[in-house]
Structure formats: C-alpha cells, structure tokens
Amino acid sequence: MLLEKYAELEQYAIDKSSTPSEIADQLESQTRSDVDMSVMLVGKMEASVLGLITRLTKAKRVLEFGTFTGYSALVFAENLPEGGEIHTLDINSETVEFGKKFWQKSKHHSKIHSHIGPAIETVEKLEGQFDLAFIDADKENYLNYFKIALNRLSPGGAIIVDNTLWDGRVIDKSENSSSTVAIREINEFIRDDDQLYGSLLPIRDGIFVVTKK
C-alpha cells in the first residue's frame with residue numbers, strides 16, 4: 001500500500017511540476033523501449049529538479065559525466081540560456097549516437113557538445129570553469145569525477161551526484177560491491193569536508209546536491 005501511495009504521489013508531483021519537452025519525452029520513451037539498461041535514465045521528476053537547479057544557479061556552462069542516450073543532456077540544454085553550453089562525456093558512442101537523433105530535433109541542439117572517450121582524459125582538454133556539474137557515470141570513478149568537477153567549479157556553482165542512495169544498498173551492511181563502496185565513499189567525503197555544503201535528496205535513486213561554502 002505504501003509503495004502504491006508513493007508512486008501515486010510521485011506522479012502527482014510530476015503532474016504539478018515543470019517537465020522536459022515533448023522531444024525529451026520521445027527520447028525517454030524510445031530509450032526505454034529500444035536500449036538495454038534504460039533504468040539508467042534519470043526520469044521526469046529528477047529531470048525537473050535538474051532543470052530547476054540549472055535555472056537557480058543561472059548556469060551557462062554545464063559539465064556532465066555520463067551521457068547514456070543524452071536525455072539529461074537535452075534537459076540541461078532546454079534550461080540553459082541562449083549561448084549556454086553543456087559538455088557531456090561518455091565512452092559509449094553507440095548510445096550517444098542514439099540520442100543525437102533526438103537532439104537534432106530540438107532548437108537547443110547547438111548547446112550540446114558531446115565528447116567520446118575516457119572522461120578523466122577528455123575533461124583535461126576542455127577549457128575554463130563550469131557553473132554546474134552532473135555526475136552519472138561509472139561509480140568506481142565517482143570521487144575522481146567529483147574532485148575534478150570541484151576544481152573546475154565557478155564561484156556559486158553546484159555539483160549534482162546521481163544514484164547516491166543506490167537502490168538502498170548504501171545502508172545494507174552485507175552489500176560491499178565496488179560500486180556500492182564507491183558511492184558510500186563519495187557520500188562520506190562530501191559529509192566530512194567542512195568546505196562543502198551538501199544535501200542528499202531522496203529523489204528517485206538519490207541525488208546529492210553540493211556547493212562550496
């Protein structure tokens with residue numbers, strides 16, 4: 001009963017929130033029907049929050065670790081101002097190419113800059129600071145990505161870390177996979193750094209929103 005009520009409440013929240021475009025909806029739907037591991041999509045409620053944070057921070061440049069099929073990249077682009085840009089990094093060209101077909105349908109497509117290759121190497125080739133970073137890639141490198149993003153963050157910027165509740169595995173003492181351990185590590189790193197202000201929000205699979213004090 002509780003799970004059913006939560007699902008109803010989440011849908012109510014989605015219905016009352018600003019959500020991505022029809023093109024983004026098409027990309028979400030096609031990903032779910034045609035692409036393996038579609039569970040990696042952020043989903044509408046989280047997408048609404050990503051858009052809100054983009055607007056609240058007045059971000060002009062976004063750095064994204066993990067493109068998948070480009071749903072979140074499109075969401076960021078839709079909420080960036082004219083002249084804004086998102087640089088999205090991924091190692092899988094096949095899933096990125098899937099998303100590009102939908103990006104091209106959007107009037108915001110020119111804001112999206114896709115980079116294929118190992119993210120830690122790719123980001124070194126990008127110049128300047130970023131107002132917002134989103135981390136949603138291989139979990140074992142989460143802390144590495146976070147430290148890179150922190151060093152490239154502009155004053156007043158924010159970092160969003162996805163999957164920080166990890167389907168509840170973070171509090172399961174019997175669960176010690178490398179991904180689970182890595183997520184616990186970044187959660188604890190953020191908590192213990194007194195130069196950071198973070199809030200771990202129980203939205204979908206958990207998003208940790210962090211800024212410098």
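The values are calculated or read from the model by the stated rules, or taken from the named source; none is laboratory data. Quick caveat: nothing in here was measured; it's all calculated off a predicted structure. Counting neighbours? That spans all protein chains shown, and the Cβs are built from the backbone with ideal geometry, glycine included. Please note that ligands, DNA and RNA were not included when accessible areas were found on the heavy atoms of the full protein model with its side chains. Shrake-Rupley method; radii C 1.70, N 1.55, O 1.52, S 1.80 Å.
The figures follow:
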| quantity | calculated |
| --- | --- |
| Solvent exposure, largest accessible area first (probe 1.4 Å, DNA, RNA and ligands not counted), of E8, E22, E188, E175 | E22, E8, E188, E175 |
| For the chain: accessible area per residue (Å², 1.4 Å) | 52 |
| Reachable lysines, given that their alpha-carbon falls under 17 Å from the alpha-carbon of K107 and they are not under 8 places away in the same chain | K60 |
| Those chymotrypsin sites (Phe, Trp or Tyr not before Pro) in region 114-172 that DSSP places in a loop and that have at most 16 other beta carbons within 10 Å | none |
| Relative contact order of region 33-128, pairs being alpha-carbon contacts under 8 Å that are 6 or more residues apart, as % | 26 |
| DSSP-defined beta bridges in the chain - what % are antiparallel, rounded to 5 | 35 |
| DSSP-assigned coil residues among GluC sites (Glu not before Pro) in region 83-136, each with at most 13 further Cβ atoms within 10 Å | E127 |
| DSSP-loop trypsin sites (Lys or Arg not before Pro) across region 81-113, with at most 16 other Cβ within 10 angstrom | K105, K107 |
| Table column - 3J(HN,Hα) (Hz), region 153-158, Karplus curve with 6.51, -1.76, 1.60, x for Gly and Pro | 7, 6, x, x, x, 9 |
| Region 116-199: relative contact order in percent, alpha carbon pairs under 8 Å with at least 6 residues between | 28 |
| Where D90, D15 fall by accessible area, highest first, once all protein chains stay in place (1.4 Å) | D15, D90 |
| The chain, helix-only ellipticity at 222 nm - DSSP H runs n ≥ 4, -39,500 (n - 2.57), divided by all residues, nearest 500 | -13000 deg cm²/dmol |
| Euclidean distance of C-alpha centroids, region 161-213 and region 23-94, integer Å | 20 |
| GNM flexibility winner over the chain from T88, T67, T57 (Cα, springs under 10 Å) | T57 |
| Two-decimal log10 I(q)/I(0) for region 151-202, as the Debye equation yields it once each C-alpha is a single scatterer, q = 0.25 Å⁻¹ | -1.04 |
| Carbon/sulfur fraction of accessible area - the chain, other protein chains in place, 1.4 Å, % | 52 |
| Binned Cα-Cα distances of the chain, short to long, each 5 Å bin given as a whole percent | 1, 7, 15, 20, 21, 18, 11, 5, 1, 0, 0 |
| Karplus (6.51, -1.76, 1.60) ³J(HN,Hα), θ = phi - 60°, over region 164-178, in Hz, Gly and Pro reported as x | 7, 9, 6, 6, x, 5, 5, 10, 8, 5, 8, 9, 9, 5, 4 |
